[in-house]
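Q: Quick one: structure below, then a few questions.
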Amino acid sequence: MLIVKSLHIIFMVTWFAGLFYLPRLLVYHAMSDDQASIERFKVMERKLLYGIMTPGGVLTVASGLWLWLSWGFYGGWLHAKLLLVLVLLGYHFWCGKLVADFRRDRNRHSHVWYRWFNEFPVLILVAVVFLVVMKPF
Ligand code: HEM
């Protein structure tokens, strides 16, 4: 089990690398008006989303389900954690839609909006880690 849990934490860090960096790229993309920068951000966002963030998310969920279903974890902490993970998956898919909007030059949000949007995963990370380590209920 400890190997699976170690992999789970490694995959989670990989996922959050994307969840933290992709919205930051969108902040700078929304501030850009020269074509060279705009095309460069499109390439960086696509590679980050499909090369790091999505594989990290899929492997975090798969290894988490493996831990949960193979070793019979249970408790309110796990239900609360799963709810937060669903919210995080929603945020991930929203990032995918925003990247697609930028790819079509149809972004509708300001860089200030993306700066607030960028903060949200921090709240989920703090809540999930305290839940799973301390198991308060
Ligand atoms: C469907 C998604 C997920 C499921 C089913 C799941 C399930 C689990 C389970 C059963 C454990 C073992 C708990 C223990 O050994 O005490 C675990 C450990 C852990 N999970 Fe997840 N997890 C999921 C996603 C996540 C996410 C998104 C994060 C980060 C935000 C995360 C962070 C952790 C951490 C840090 C541990 C190690 C806790 C410890 O060693 O005490 N998990 N997870």
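The values are calculated or read from the model by the stated rules, or taken from the named source; none is laboratory data. The structure displayed is predicted, hence computed values, not measured ones. Glycine gets a Cβ as well: all are built from the backbone with ideal geometry, and neighbour counts include every protein chain shown. Heads up: the accessible areas ignore ligands, DNA and RNA and are worked out on the full protein's heavy atoms, side chains in. Shrake-Rupley method; radii C 1.70, N 1.55, O 1.52, S 1.80 Å.
Q: Can you tell me the length gained on complete extension of the stretch Arg108 to Asp33, counting 0.36 nm per residue apart and subtracting the Cα distance?
A: The Arg108-Asp33 span can extend by a further 25.6 nm.
Q: Quick one, can you get me the convex hull of the C-alpha atoms of the range 15-81 expressed as volume per residue in Å³?
A: 73 Å³
Q: What's the local net charge at Leu67, with K and R +1, D and E -1, over the other residues with C-beta under 14 Å away?
A: With Lys, Arg at +1 and Asp, Glu at -1, the neighbours total +3.
Q: For the chain, compute Rh as the Kirkwood radius over C-alpha pairs and then the Stokes-Einstein diffusion coefficient at 25 °C and 0.890 mPa s; write the answer in µm²/s, rounded to an integer.
A: Value of D from the Cα-based Kirkwood radius: 154 µm²/s.
Q: Beyond 19 Å, what share of the Cα-Cα pairs of the range 49-116 is found? Please give it as a whole percent.
A: 48 percent
Q: Averaged per residue, what accessible area in Å² does the range 1-114 show with a 1.4 Å probe, protein chains only?
A: Here the per-residue accessible area is 57 Å².
Q: Roughly how far apart, in whole Å, are the Cα centres of the range 84-137 and the range 25-43?
A: So the separation of the two Cα centres works out to 20 Å.
Q: In nm, give the distance between the simple-model label positions of Tyr91 and Trp71, each being 7 Å from the Cα along the Cα-to-Cβ direction.
A: 2.5 nm
Q: Within the chain, what is the number of lysine pairs with alpha carbons under 29 Å apart, leaving out pairs fewer than eight places apart on the same chain?
A: Counting lysine pairs in the chain gives 8.
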